[in-house]
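Please find one structure pasted underneath; my questions will follow.
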Amino acid sequence: MDGKYFESEILNAVRKSEINKYLELSKSYSLSYIENINKRNVYPTSKAIRDLDIFDESLPQTPQTTEEIIELLNTYGSPATVAQTGGRYFGFVNGGILPASLSARWLSDTWDQNTALSIMSPIASKLEEVVEQWIIDLLQLPPTTGVGLLTGSSTATLCGVIAGRNHLLKNNGLDITKTGIQSSDDIKVVISEEAHASVFKALRMIGIGSDSVAKIPADSQGRLLVSNLPEIDNKTLIILQAGNLNTGAYEDFQSICTSANQKGAWVHVDGAFGLWAAASENLSHLTKGMELADSWSADAHKTLNAPYDNGMILCKRREDLINALQMTGPYIISASEKRDGMMYTPDMSRRARGVELWATLKSLGSQGVQELVDELHHKALYFADQLRARNFEIVNEVDSNQVLVYFNDDEKTDKLLREIQESGVCWMGGSRWSEKSVIRISVCSYKTTYQDIDISVNEIERLSKSIS
Ligand SMILES: *Cc1c(COP(=O)(O)O)cnc(C)c1O
């Protein structure tokens, strides 16, 4: 070597650094975060947010110690987090994080496996295979179903519509994976006017603009009106929702999917948080008939309380998913009898989500998943009952975990929402429903107790008294 080849002093120091010490530091701050989660403001204080200015610096030229970095994160980062892993965060549909999921994530982050190919990580490949089978069983989907583990429902829906379009056009004699899309051969898309924005985004990304989509009106709960469906044929892609993003309502899968199947149309179900109802015998009436669809998207990071980012695309005919997403190259060593994760997702390199998903499912068991889904529903019912008893109006049928609240008029509802958000006691988002402003409560964390709901309801009532 003789000094001919470069060696970095900086990296020499990094190689000698004591990782144990840093991991211990992170661990102690993590544990204290978890212990104190319910004692802090659910939404960061304005001071905590102002203090984030400390991060406004240009990239330092010289290295910082890991200790300094972790200290900075703990001192200024933690207070500016949203306490969504506590019991009183009801915003969006975010979900908490189960102990087994977090612990498994820590370990698998240390492994830092790439799950593109089975040869890159036998353990990641194995657990993806196991998780795929468990999910299919849990949601009672056809045994032919293939599952891709990806970032979230937005990406999952993107994959679903790509697989669907390819499949429909192939049945019409056109393999667009080879020819590319020809404008005159494009498909007809039918969605509910209540579809999630991510559905429009997915369609846009594959070149289907929102003006060219048939938007079907929905009923008072956001369920697509079946009688308004247009003529369906074997070039039709229908996108349905399991769990309306506002009301939590479910479509009439049985009748829509049955007629779609007869006509050779493709049905994708956006089941980001709602698909999990299929895992509960008490709630599976809501998803009845959804197993007749062709593809489904779901998030484990919502209802299932796995950490971000844990979405999945499920596709009834595995080959449709693989045809849409596979790739190959001279250096790609594919062991056909083992699972190569990249054949099921848009990514090649990818972290090992299967590890924490496996841990999440194993730690609950099918009974635990059912009880989680049931409990979130019951807590939403309790939330609604408590608010109704205090003269708030609940504008949706509480079928699942969503509660929409109205307080006298739009202006008062908006004002109350702002005060709730600033209270620090609990946090919920707002939306519009039936041309009204509403407070949107989503019960989606296993951490939420009936007592958390009492505390939140009392605070909402107290704040409402000063609004006239
Ligand atoms: C959250 C959500 C999405 C988007 O999912 P991401 O995981 O955030 O990408 C899509 N549809 C519905 C109904 C949702 O609730």
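Within the group Gly329, Gly365, which residue is assigned to a helix (DSSP H, G or I) and either more than 16 Å from the ligand (Cβ to nearest atom) or open to solvent by less than 60 Å² (accessible area, probe 1.4 Å) (or both)?
Numbers: Gly329 fails: assigned to a helix (DSSP H, G or I).
The conditions single out Gly365.
Within segment 102-128, track down each residue that is assigned to a helix (DSSP H, G or I) and among the hydrophobic types (A, V, I, L, M, F, W, C).
Residues of segment 102-128 assigned to a helix (DSSP H, G or I): 102-111, 118-120, 122-128.
If the condition is that a residue be assigned to a helix (DSSP H, G or I) and among the hydrophobic types (A, V, I, L, M, F, W, C), then Leu102, Ala104, Trp106, Leu107, Trp111, Ile119, Met120, Ile123, Ala124, Leu127 are the ones that fit.
Could I ask something else about it? Kindly check whether there is at least one residue in segment 383-398 that is among the aliphatic types (A, V, I, L, M) and either within 16 Å of the ligand (Cβ to nearest atom) or touching a Leu at 6+ places or on another chain (Cβ under 6 Å) (or both). Full working, then the answer.
From segment 383-398, those among the aliphatic types (A, V, I, L, M) are 384, 387, 389, 394-395, 398; that's our starting set.
Retained after the next criterion (residues that are either within 16 Å of the ligand (Cβ to nearest atom) or touching a Leu at 6+ places or on another chain (Cβ under 6 Å) (or both)): 395, 398.
Within segment 383-398, one or more residues are among the aliphatic types (A, V, I, L, M) and either within 16 Å of the ligand (Cβ to nearest atom) or touching a Leu at 6+ places or on another chain (Cβ under 6 Å) (or both).
Which one is farthest from Gln326 (Cα to Cα), of the residues in segment 133-154 that are within 16 Å of the ligand (Cβ to nearest atom) and open to solvent by 30 Å² or more (accessible area, probe 1.4 Å)?
Across segment 133-154, the extreme among qualifying residues is Ser154.
Only one of Thr258, Thr287, Thr303 is within 11 Å of the ligand (Cβ to nearest atom) and of a type in the set (Ser, Thr, Tyr); which? Walk me through it before giving the result.
Values: Thr258 fails: within 11 Å of the ligand (Cβ to nearest atom); Thr287 fails: within 11 Å of the ligand (Cβ to nearest atom).
Of Thr258, Thr287, Thr303, the one residue that is within 11 Å of the ligand (Cβ to nearest atom) and of a type in the set (Ser, Thr, Tyr) is Thr303.
Among the residues of segment 74-115 satisfying the criterion of being open to solvent by 30 Å² or more (accessible area, probe 1.4 Å), of a type in the set (A, V, I, L, M, F, W, C) and away from the ligand (no atom under 16 Å from the Cβ), which is nearest to Ser26 (Cα to Cα)?
The residue in question is Trp106.
Next question, about the same structure. State whether one or more residues within segment 119-132 are within 16 Å of the ligand (Cβ to nearest atom) and open to solvent by less than 50 Å² (accessible area, probe 1.4 Å).
First, pick out the residues of segment 119-132 that are within 16 Å of the ligand (Cβ to nearest atom): none.
No, segment 119-132 contains no residue that is within 16 Å of the ligand (Cβ to nearest atom) and open to solvent by less than 50 Å² (accessible area, probe 1.4 Å).
Go over the candidates Tyr308, Tyr250 one by one and state the one that is under 20 Å from Gly95 (Cα atoms), within 23 Å of the chain's Cα centre (by Cα), within 14 Å of the ligand (Cβ to nearest atom) and surrounded by fewer than 24 Cβ atoms within 10 Å (Cβ to Cβ). Explain how you work it out, then say what you get.
Values: Tyr250 fails: surrounded by fewer than 24 Cβ atoms within 10 Å (Cβ to Cβ).
Answer to the check: Tyr308.
Ok, one more. Please tell me if Arg317 is farther than 24 Å from Val369 by Cβ and modelled with pLDDT of 95 or more.
Working: farther than 24 Å from Val369 by Cβ: yes; modelled with pLDDT of 95 or more: yes.
Criteria met by Arg317.
Considering (1) open to solvent by 50 Å² or more (accessible area, probe 1.4 Å); (2) among the polar types (S, T, N, Q); (3) part of a loop (DSSP other than H, G, I, E, B); (4) touching a residue at least 12 places away in the same chain (Cβ under 8 Å), say which one Ser58 fails and leave the rest.
Ser58 satisfies all of (1) open to solvent by 50 Å² or more (accessible area, probe 1.4 Å); (2) among the polar types (S, T, N, Q); (3) part of a loop (DSSP other than H, G, I, E, B); (4) touching a residue at least 12 places away in the same chain (Cβ under 8 Å) except (4).
What's the number of the only condition in (1) over 33 Å from the mean Cα position of the chain (by Cα); (2) among the basic types (Lys, Arg); (3) modelled with pLDDT of 95 or more that Lys4 fails to meet?
Failing condition for Lys4: (3).
Something else about it: Hey, any hits in segment 371-393 for a residue that's in contact with a strand residue (DSSP E or B) (Cβ under 7 Å, 6 or more places away or on another chain), free of Cβ contacts under 8 Å to residues at least 24 places away in the same chain, open to solvent by 20 Å² or more (accessible area, probe 1.4 Å) and hydrophobic (A, V, I, L, M, F, W, C)?
The initial filter retains those residues of segment 371-393 that are in contact with a strand residue (DSSP E or B) (Cβ under 7 Å, 6 or more places away or on another chain), namely 380, 383-384, 387-388, 392-393.
Narrowing further to those that are free of Cβ contacts under 8 Å to residues at least 24 places away in the same chain: 384, 388, 393.
Of the ones still in play, those that are also open to solvent by 20 Å² or more (accessible area, probe 1.4 Å) are 388, 393.
Those still in the list that are hydrophobic (A, V, I, L, M, F, W, C) too: none.
No: zero hits.
Going through Ser198, Ser220, Ser192 one at a time, which residue ends up being hydroxyl-bearing (Ser, Thr, Tyr) and surrounded by fewer than 14 Cβ atoms within 10 Å (Cβ to Cβ)?
Numbers: Ser198 fails: surrounded by fewer than 14 Cβ atoms within 10 Å (Cβ to Cβ); Ser192 fails: surrounded by fewer than 14 Cβ atoms within 10 Å (Cβ to Cβ).
The match here is Ser220.
Looking only at segment 274-283, count how many residues are assigned to a loop (DSSP other than H, G, I, E, B) and either surrounded by 17 or more Cβ atoms within 10 Å (Cβ to Cβ) or within 16 Å of the ligand (Cβ to nearest atom) (or both). Steps first, answer last, please.
Step one: of segment 274-283, the residues assigned to a loop (DSSP other than H, G, I, E, B) are 274, 280-283.
Filter again for either surrounded by 17 or more Cβ atoms within 10 Å (Cβ to Cβ) or within 16 Å of the ligand (Cβ to nearest atom) (or both), leaving 274, 280, 283.
Summing the residues that are assigned to a loop (DSSP other than H, G, I, E, B) and either surrounded by 17 or more Cβ atoms within 10 Å (Cβ to Cβ) or within 16 Å of the ligand (Cβ to nearest atom) (or both) in segment 274-283 gives 3.
The values are calculated or read from the model by the stated rules, or taken from the named source; none is laboratory data. From a predicted model like this one, the values you see are computed outputs, not experimental measurements. Cβ: placed from backbone, ideal geometry, glycine included. Neighbour counts: every protein chain shown. With ligands, DNA and RNA removed, areas are computed over all heavy atoms of the protein, side chains included. Shrake-Rupley method; radii C 1.70, N 1.55, O 1.52, S 1.80 Å.
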